[in-house]
Amino acid sequence: MATIISGSNSKEIAYDLSIQLQTNYCESIISRFADQEAAPIYGEKVIIVQSTYKPANDHLMELLLLIDAAKRQLPSQIIVLIPYLGYSRQDRPSYAGGPISARLISTLLEAAGASRIITIDLHTTQIEGFYNIGVQNIDPLVSLTSALKTTDNPIVVSPDIGGILRAEKLAKILNCDLAIVHKTRSSPNTSQAECLIGQVENMDCILVDDLIDTGGTLCNAAVLLKKSGAKSIQALITHAIISNNAIDTIHRAPIDNIITTNSIPHLVLTDKFRVVDMTPMLCEALHHP
Ligand code: R5P
């Protein structure tokens with residue numbers, strides 16, 4: 001029997017998993033000094049569930065402390081389920097001498113005592129190669145497409161060059177063509193959709209990306225698509241981080257609907273959003289040895 005321990009930000013998804021897996025569920029108690037009193041049982045498998053969205057550093061530190069505490073109970077295995085794994089965008093130095101943060105996170109998780117990582121839609125698959133332990137990187141695309149509104153002339157659009165592989169996969173699933181937006185960034189939170197590679201006139205565009213942070217990437221792409229004659233615009237976005245004025249920006253953008261997952265819990269999303277439950281896919285991943 002395993003014990004599922006939820007970090008402070010992933011209680012709902014952790015509890016749902018424990019019900020579906022018919023396993024013990026334990027909520028961690030995080031005191032002001034980040035001491036915690038979860039009590040995994042000696043010799044058993046422990047599953048810790050915690051996303052590392054904003055405040056990313058607090059949630060990450062809490063997760064590392066949970067793993068460290070679990071390790072001291074000598075479980076047979078510590079599976080760390082991180083529905084949204086932050087810092088993944090920094091999978092290479094973005095300036096000369098800059099950090100490879102995604103690599104550092106892998107080192108920290110392993111040093112804390114993780115024996116296996118389960119996550120959803122890493123920014124790039126090469127991040128898996130940073131780990132010396134098993135990483136299951138769940139692909140949510142098929143689940144997300146099940147919530148798409150049916151369209152006559154679908155075309156998949158990547159909102160930047162970095163997202164081409166994800167977009168290519170989606171185009172294969174939907175058996176349609178692919179277009180690409182050329183995005184430039186002037187600062188970490190400011191981007192511009194410079195031009196479009198492909199034809200979208202009278203087409204039903206499906207933008208696909210791993211995350212929405214400020215909403216700039218998605219909304220600038222949508223404006224460019226509309227200007228280029230797109231008939232409709234839907235978006236499949238795995239992780240809805242939603243920072244700053246993202247909700248307003250999205251509300252004003254020419255996007256008909258956005259399909260996302262519950263990797264990050266949200267109390268308030270506008271009715272443009274539809275949330276697909278990832279618990280069944282996470283359960284399936286946990287069933288694998
Ligand atoms: C970038 O490479 C990512 O895949 C996202 O496109 C980007 O981080 C989204 O950020 P924002 O919503 O702030 O434009």
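Here are the numbers:
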{"quantity": "Full-extension gain in nm, Arg252 to Asn175, via 0.36 nm per residue minus C-alpha separation", "calculated": "24.7 nm"}
{"quantity": "Rounded percent of accessible protein surface that carbon and sulfur make up, the chain, 1.4 Å probe", "calculated": "53"}
{"quantity": "D_trans [Stokes-Einstein, Kirkwood Rh over alpha-carbon pairs] for the range 82-238, 25 °C, 0.890 mPa s, µm² s⁻¹", "calculated": "147"}
{"quantity": "Rg in Å to one decimal, and Dmax rounded to a whole Å, for the range 73-169 via C-alpha atoms", "calculated": "16.4, 56"}
{"quantity": "17 Å Cα-Cα reach of Lys71 towards lysines, excluding residues that sit fewer than 8 places from it in its own chain", "calculated": "Lys45"}
{"quantity": "Magnitude of the charge dipole, the chain, Cβ model with Lys/Arg +1 and Asp/Glu -1, debye to 20", "calculated": "380"}
{"quantity": "Helical contribution to [θ] at 222 nm, DSSP H n ≥ 4, -39,500 (n - 2.57), averaged over the chain, rounded to 500", "calculated": "-8500 deg cm²/dmol"}
{"quantity": "Max mean-square fluctuation residue, GNM over the chain, Cα-Cα springs under 10 Å, options Thr107, Thr261, Thr217", "calculated": "Thr107"}
{"quantity": "Surface per residue (accessible, 1.4 Å probe) for the chain, Å²", "calculated": "47"}
{"quantity": "Accessible area, probe 1.4 Å, largest first, for residues Tyr87, Tyr53", "calculated": "Tyr87, Tyr53"}
{"quantity": "Mean Kyte hydropathy of 0.5 or more with a Cα span along the axis of at least 27 Å, helices from DSSP in the chain", "calculated": "none"}
{"quantity": "Distance from the range 221-276 to the range 177-200 (C-alpha centre basis), Å", "calculated": "16"}
{"quantity": "Positive-end residue of Leu64, Ile5, Ala193, charge dipole of the chain with Cβ unit charges", "calculated": "Ala193"}
{"quantity": "Given Lys172/Lys227; Lys54/Lys149; Lys149/Lys172; Lys11/Lys172; Lys54/Lys169; Lys149/Lys169, the pairs whose alpha carbons are separated by over 23 Å", "calculated": "Lys172/Lys227; Lys54/Lys149; Lys11/Lys172; Lys54/Lys169"}
{"quantity": "Net dipole in debye of the range 31-170 [+1 Lys, Arg Cβ; -1 Asp, Glu Cβ; about Cα centre; nearest 20]", "calculated": "80"}
{"quantity": "Longest to shortest principal axis, alpha-carbon extents of the chain, angstrom", "calculated": "61, 44, 32"}
{"quantity": "With DNA, RNA and ligands ignored, accessible area of Glu128 (1.4 Å probe; Å², nearest 10)", "calculated": "60"}
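The values are calculated or read from the model by the stated rules, or taken from the named source; none is laboratory data. All values derive from a computational prediction rather than experimental measurement. We place every Cβ from the backbone using ideal geometry, glycine too, and count neighbours over all the protein chains shown. Ligands, DNA and RNA are excluded from the accessible area calculation, which covers all protein heavy atoms including side chains. Shrake-Rupley method; radii C 1.70, N 1.55, O 1.52, S 1.80 Å.
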